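Colleague: Submitted below is the structure of interest, expressed as structure tokens.
Values in this text are rule-based calculations from the coordinates and carry no lab data. Since we're looking at a predicted model, the values are computed, not measured. Using ideal geometry, Cβ is built from the backbone for each residue, glycine included, and neighbour counts are taken over all protein chains shown.
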């Protein structure tokens, strides 16, 4: 019997036993702590009195709960602490002594002014891993400037290469400028946890969203270095691969991706134009790139004769990389997403059973279903009582003083 069979659905994940103090808000920071919660860590989300995390106020709502907050806070606990009160700061200091990781995404300098900077916390807990996520990092001329997803997309160059060639630059539909914090923050935290196993000491981590977006330029950055020119907008096309992008069908459109000569031959065969496989005008990647308009027109004329379903059948039979263009609801309900369990139902304390997007990874053990996103302050008393050992009377005093809620 394997470990998964012994533990069954109660296994929380590989980070079970790791405790995270989450002082993040809106998207970049909560996306990072969400990844840690998905991996099994206990994440204690600290929210301010009143409305809590700003995303709790973002419409649309259902029974007073924001779609936005629900999307990025599954599996976390919520406590309400007023960081503007000295007693609130002291509670956070005490909690940090009992945590492995702290994640925050305030503007640089704010945590220090509150008395919650890395130096103060590390003095009380040298094993603490402190991850600060900000728009531009802890230094540089833009350090103190507020950042938003569209700002980061513009400053990183990502927006300049997104959109149709004859149109203006366009923001990515997914807020990648913020979500990159949810990628790089956890990577650095996991590396620091591994390092701590050897050294016994924590570490300060400075995550810049702009740095992350610049890193995601990938081969486009190297292309610019090679050519000395900015890559141009290609819409859904590729700067060097043809045919690649959106092609018409009788009832819509389909994506085709021709990455190699092998796929060019398969596309030509599938679309009934084998004479073009060895056509000296189009028989290399470079020739097709230089004759982009002609090649695209040839392929489009053939795809337009078929429905999307017919094209899918042809391309599956000939092993051509392709995809229909799905809407969000269709994407979430497609057979592949269902087979992977990417949508699960959880029992929300106010909304009842609701669907949420599942974790983006699997392990060989069966992991428990994610806990629902918390109500504001749902776990305040539990955390103060069980983690800090505060009595009911002391918690009531703090509540009446407005320190917690």
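Colleague: Give me the percent of DSSP beta bridges within the chain that run antiparallel, rounded to the nearest 5. Intermediate values should be presented prior to the final figure.
Modeller: Numbers: 18 of 42 bridges.
If I count the DSSP bridges inside the chain, around 45 percent turn out antiparallel.
Colleague: Using only Cα atoms, what is the ratio of the radius of gyration of region 279-322 to 2.2 N^0.38 Å?
Modeller: On the way: Rg = 12.1 Å, N = 44, 2.2 N^0.38 = 9.3 Å.
Taking the Cα Rg and dividing by 2.2 N^0.38 Å, one obtains 1.31.
Colleague: Quickly rank 74-80, 205-211 as a protection proxy: mean count of other C-beta atoms within 10 Å, highest first. All intermediate terms of the calculation are to be shown ahead of the outcome.
Modeller: Working: 74-80: 23.9, 205-211: 22.0.
My ranking of the peptides, most packed first, is 74-80, 205-211.
Colleague: Largest first and to the nearest Å, give the Cα extent of region 1-110 along each principal axis.
Modeller: For region 1-110, the Cα extents along the three principal axes come out at 52, 37, 23 Å.
Colleague: May I pose another question? Show me the ranking of peptides 223-233, 368-378, 159-169 by mean Cβ neighbours inside 10 Å, starting with the highest.
Modeller: On the way: 223-233: 11.6, 368-378: 19.5, 159-169: 13.3.
For the peptides 223-233, 368-378, 159-169, the packing ranking is 368-378, 159-169, 223-233.
Colleague: Can you show me the helix-derived [θ] at 222 nm for the chain, built from DSSP H runs with n ≥ 4 at -39,500 (n - 2.57) apiece and divided by the number of residues, rounded to the nearest 500.
Modeller: On the way: 18 runs with 158 residues, N = 405.
Mean residue ellipticity, 222 nm, calculated: -11000 deg cm²/dmol.
Colleague: Could you identify which residue out of 58, 363, 136 has the top mean-square fluctuation in a GNM of the chain using Cα springs shorter than 10 Å?
Modeller: Maximum fluctuation in the GNM of the chain, among the listed residues, is at 363.
Colleague: Right, here's the next one. If you rank 236, 33 by fewest surrounding Cβ atoms within 10 Å, what's the result? List each step's numbers first, then the result.
Modeller: Details: 236 13, 33 32.
If I rank by nearby Cβ atoms, fewest first, I get 236, 33.
Colleague: Follow-up. When the convex hull of the C-alpha atoms of region 244-326 is computed, what volume per residue in Å³ does it have?
Modeller: Numbers: hull volume 6.4 nm³, N = 83.
Spelled out: Cα convex hull of region 244-326, divided by residues, is 77 Å³.
Colleague: So for each of 191-199, 100-108 I average, over its residues, the number of other beta carbons within 10 Å; can you give me the resulting order with the highest mean first? Don't jump to the answer; show the numbers that get you there.
Modeller: Values: 191-199: 13.0, 100-108: 23.6.
Taking the mean over residues of other Cβ atoms within 10 Å, the ranking is 100-108, 191-199.
Colleague: Can you give the Rg to Rh ratio of region 270-405, both from alpha-carbon atoms, with Rh computed by the Kirkwood formula?
Modeller: Working: Rg = 28.1 Å, Rh = 21.2 Å.
On the Cα set of region 270-405, Rg over Rh gives 1.32.
Colleague: Quick one: plug the Kirkwood hydrodynamic radius of region 138-247 (C-alpha pairs) into Stokes-Einstein at 4 °C, 1.567 mPa s, and report D in µm²/s. All intermediate terms of the calculation are to be shown ahead of the outcome.
Modeller: Details: Rh = 16.1 Å.
Using the Kirkwood radius from Cα pairs, D works out to 80 µm²/s.
Colleague: Next up: In the P(r) worked out for the chain, what percent of Cα pairs fall beyond 42 Å?
Modeller: Of the Cα pairs, 27 percent sit more than 42 Å apart.
Colleague: List the equivalent ellipsoid semi-axes of region 148-192 in whole Å, largest first, each obtained as the square root of 5λ for an eigenvalue λ of the Cα gyration tensor. Write out the running numbers ahead of the final one.
Modeller: Details: eigenvalues 145, 14, 13 Å².
Ellipsoid semi-axes (Å, largest first): 27, 8, 8.
Colleague: Report the rotationally averaged projected area of region 252-295 based on its alpha-carbon convex hull, in square nanometres.
Modeller: On the way: hull surface 13.2 nm².
So the mean shadow area of the Cα hull is 3.3 nm².
Colleague: What ratio of Cα Rg to 2.2 N^0.38 Å holds for region 177-326? If you can, show how the numbers build up before the last one.
Modeller: Details: Rg = 21.3 Å, N = 150, 2.2 N^0.38 = 14.8 Å.
That works out to 1.44 for region 177-326.
Colleague: So what's region 101-168 giving for Rg/Rh, alpha carbon basis, Kirkwood Rh from the mean inverse pair distance? Let's see the in-between values first.
Modeller: Numbers: Rg = 16.7 Å, Rh = 14.2 Å.
Ratio value, two decimals: 1.18.
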